[in-house]
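> Below is a structure I'd like to ask you about.
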Amino acid sequence: MELTEQQKIYAQDYASGEFTDVMLAEKYGVVPQTLWNWRQIPEVQAKIAEFKSIYLKEAQEYVGRFVRQLVRRQYRVAMDGNTALLIFLGKNYLGQKDTQVLEHFAEGITIEYVDAADAKKEDSGNESL
C-alpha cells in the first residue's frame with residue numbers, strides 16, 4: 001500500500017513523541033481513531049520505526065556531545081582548584097570513598113572497636129559507682 005503524504009508526515013510527527021494523538025488529530029483534521037487506524041497499517045508502522053531510529057541516533061549523538069563537553073568543563077573547573085568537584089569526580093569516576101578500611105594481620109589477638117561516643121556514655125555511667 002502506498003502511503004499518503006499526510007500519513008508519511010504523521011509517522012514523522014508521531015515518532016518524534018512531541019505530540020499527543022489529540023493534537024495530531026486536530027493538526028490533520030481527523031479524529032484520534034483515524035490515527036490509531038493508520039498506526040495499524042504495516043507501512044505506517046515501518047515509517048514510524050524508521051523515524052524513531054533516526055531520532056534515537058540524533059539523541060544519542062547529542063547526549064554524547066553534551067557529556068564530552070560537560071566532562072571538559074568539569075575538568076577545567078576542577079583543575080582551577082574546585083576541591084568539591086575534584087572529590088565528586090574522584091568518587092564517581094575513580095571509585096574513591098570516604099570510608100577508611102583497617103586491616104589487621106595478627107593471630108590470637110582480639111581487637112574490639114568502640115565508638116568514642118559509646119565509650120563516653122559508659123564512662124559517665126561508671127562514675128556514679
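The values are calculated or read from the model by the stated rules, or taken from the named source; none is laboratory data. All figures in this text were calculated on a predicted structure; none of them were measured in a lab. Cβ placement follows ideal geometry from the backbone for every residue including glycine, while neighbour counts extend to all protein chains displayed.
Each row is one residue, and each column tells you yes or no for (1) assigned to a loop (DSSP other than H, G, I, E, B); (2) touching a Pro at 6+ places or on another chain (Cβ under 6 Å); (3) modelled with pLDDT under 80.
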site	(1), (2), (3)
12	no, no, no
24	no, no, no
27	no, no, no
73	no, no, no
78	no, no, no
85	no, no, no
98	yes, no, no
107	yes, no, yes
125	no, no, yes
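> Just name the residue that is surrounded by the most Cβ atoms within 10 Å (Cβ to Cβ) out of those in the range 1-41 that are closer than 24 Å to residue 57 by Cβ and aliphatic (A, V, I, L, M).
Per the criteria, the residue is 11.
> Can you tell me which condition residue 45 does not meet? The list is (1) part of a helix (DSSP H, G or I); (2) out of contact with any helix residue (DSSP H, G or I) (no Cβ under 9 Å at 6 or more places or on another chain), and all the others hold.
(2)
> If you check 43, 58, 18, which single one turns out to be of a type in the set (Asp, Glu) and in contact (Cβ under 8 Å) with a residue 24 or more places away in the chain?
On the way: 58 fails: in contact (Cβ under 8 Å) with a residue 24 or more places away in the chain; 18 fails: in contact (Cβ under 8 Å) with a residue 24 or more places away in the chain.
That would be 43, the only listed residue that is of a type in the set (Asp, Glu) and in contact (Cβ under 8 Å) with a residue 24 or more places away in the chain.
> Are any residues in the range 77-97 of a type outside the set (Val, Ile, Thr) and surrounded by 10 or more Cβ atoms within 10 Å (Cβ to Cβ), and if so, which ones?
Passing the criteria: 78, 79, 82, 85, 86, 88, 89, 90, 91, 93, 96.
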